[in-house]
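Enquirer: Below is the structure I would like to discuss, written out as structure tokens.
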Amino acid sequence: MIEFAGAAGMLTMGWLSDKLGGRRGRVSVMSLDLTTKKAVGTAAGFVGFFGYVGRVIQGKGLGWLAQHYGWDPALWAVLGCTMIGIILLACLWNVRPRG
């Protein structure tokens, strides 16, 4: 059920982004645009590596947190991580690609 809700949310947010005139971009593609041509492979490797590490930590860590402390603290942790991600990505708001 959660997978279907996630897919519906993704489609809804894509539609909303198009209606509001926003641009959609994936972090991996954006990271490749922000590096030099010599470092594209390294940048892609780092993005992929940390994506896989994050997935493992998310599954194991969130499960452990929910099992030992309940779902309320687990969902607050997700909210906290989301806010940290927003703050870190806000630091890249005006970064321009290198020539």
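Enquirer: Kindly indicate whether VAL29 is aliphatic (A, V, I, L, M), modelled with pLDDT of 75 or more and in a helix (DSSP H, G or I).
Expert: On the way: aliphatic (A, V, I, L, M): yes; modelled with pLDDT of 75 or more: no; in a helix (DSSP H, G or I): yes.
The answer is no for VAL29.
Enquirer: Starting from residues that are β-branched (Val, Ile, Thr) and without any contact (Cβ under 8 Å) to a residue 12 or more places away in the chain, keep the ones in the stretch 36-74 and report whichever is nearest to VAL95 (Cα to Cα).
Expert: The initial filter retains those residues of the stretch 36-74 that are β-branched (Val, Ile, Thr), namely 36, 40, 42, 47, 53, 56-57.
Filter once more, keeping what is without any contact (Cβ under 8 Å) to a residue 12 or more places away in the chain: 40, 42, 53, 56-57.
Numbers: VAL40: 17, THR42: 19, VAL53: 26, VAL56: 29, ILE57: 29 Å.
That would be VAL40.
Enquirer: Another question, then. What is the one condition in (1) assigned to a helix (DSSP H, G or I); (2) of a type outside the set (S, T, N, Q); (3) in contact with a Leu (Cβ under 8 Å, 6 or more places away or on another chain) that GLY85 does not satisfy?
Expert: If we test GLY85 against (1) assigned to a helix (DSSP H, G or I); (2) of a type outside the set (S, T, N, Q); (3) in contact with a Leu (Cβ under 8 Å, 6 or more places away or on another chain), just (3) comes out false.
Enquirer: Still on this model: Could you check the stretch 1-26 and list, in sequence order, the residues that are of a type in the set (S, T, N, Q) and modelled with pLDDT of 70 or more? Before you say what the answer is, go through the steps one by one.
Expert: Of the residues in the stretch 1-26, the ones of a type in the set (S, T, N, Q) are 12, 17.
Once the filter is applied, which keeps residues that are of a type in the set (S, T, N, Q) and modelled with pLDDT of 70 or more, the stretch 1-26 yields only THR12.
The values are calculated or read from the model by the stated rules, or taken from the named source; none is laboratory data. Every value quoted in this text rests on a predicted model; they were computed, and no experiment measured them. Neighbour counts run over all protein chains shown; Cβ positions are idealised from the backbone, glycine included.
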